[in-house]
Amino acid sequence: MNTETFIKNWIAASNAFDIEKYLNFYQCEAVLDDPSVGRKFKGHKGIRQYFDSYFIGYNTHTEQVMLKIIDEANAYLEVQFTGDFPEGKIGGTFDFKFKEGKIAFVRADLIH
């Protein structure tokens, strides 16, 4: 798996609001932990809810700021979010754990 290409395509699916393509980047049992909203979203059903609420619901677009590939199974991504939320623009981070070419776990957070 080419992590840089994977992340680029994951962001593109997110920015296109293509929920099916977006979910395909995650393992079926993946967990998305977002302390900034105080919840863990489990499996495709939970991640779909997260994406629908916080990305589609707020017209959120993501721009990559910095990607640090730690090893084959881990990466850290810093992004800039813009959208229809009170701040209009805010930084964020994602800590990824990959398994079998998909996201197994990701911790998403906002930079305050």
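The values are calculated or read from the model by the stated rules, or taken from the named source; none is laboratory data. Remember, it's a predicted structure, so these values are computed and weren't measured experimentally. Virtual Cβ from ideal backbone geometry, glycine too; neighbours counted across all protein chains shown.
Against the conditions (1) of a type in the set (Val, Ile, Thr); (2) surrounded by 14 or more Cβ atoms within 10 Å (Cβ to Cβ); (3) without any contact (Cβ under 8 Å) to a residue 12 or more places away in the chain, where does Val31 fall short? Just the number, please.
Answer for Val31: the failing condition is (3).
Out of all the residues in the range 1-26, which are closer than 20 Å to Phe81 by Cα, surrounded by fewer than 17 Cβ atoms within 10 Å (Cβ to Cβ), of a type outside the set (Phe, Trp, Tyr) and out of contact with any strand residue (DSSP E or B) (no Cβ under 7 Å at 6 or more places or on another chain)?
Thr5, Lys8, Asn9, Ala12, Ala16, Asp18, Lys21
Just to be sure, is Thr93 under 20 Å from Ala16 (Cβ atoms) and either hydroxyl-bearing (Ser, Thr, Tyr) or touching a residue at least 60 places away in the same chain (Cβ under 8 Å) (or both)? Quick ask: steps written out before the conclusion?
Values: under 20 Å from Ala16 (Cβ atoms): no; either hydroxyl-bearing (Ser, Thr, Tyr) or touching a residue at least 60 places away in the same chain (Cβ under 8 Å) (or both): yes.
For Thr93, the condition - under 20 Å from Ala16 (Cβ atoms) and either hydroxyl-bearing (Ser, Thr, Tyr) or touching a residue at least 60 places away in the same chain (Cβ under 8 Å) (or both) - is not met.
Under the condition of being over 17 Å from Ile111 (Cβ atoms) and out of contact with any helix residue (DSSP H, G or I) (no Cβ under 9 Å at 6 or more places or on another chain), which residue from the range 47-56 is surrounded by the most Cβ atoms within 10 Å (Cβ to Cβ)?
Tyr50
So that you can scan it fast, the table gives a plain yes or no per residue for (1) over 14 Å from the mean Cα position of the chain (by Cα); (2) at pLDDT 95 or above; (3) among the aliphatic types (A, V, I, L, M):
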| residue | (1), (2), (3) |
| --- | --- |
| Phe25 | no, yes, no |
| Phe55 | no, yes, no |
| Gln80 | no, yes, no |
| Gly83 | yes, yes, no |
| Glu87 | yes, no, no |
| Lys99 | yes, yes, no |
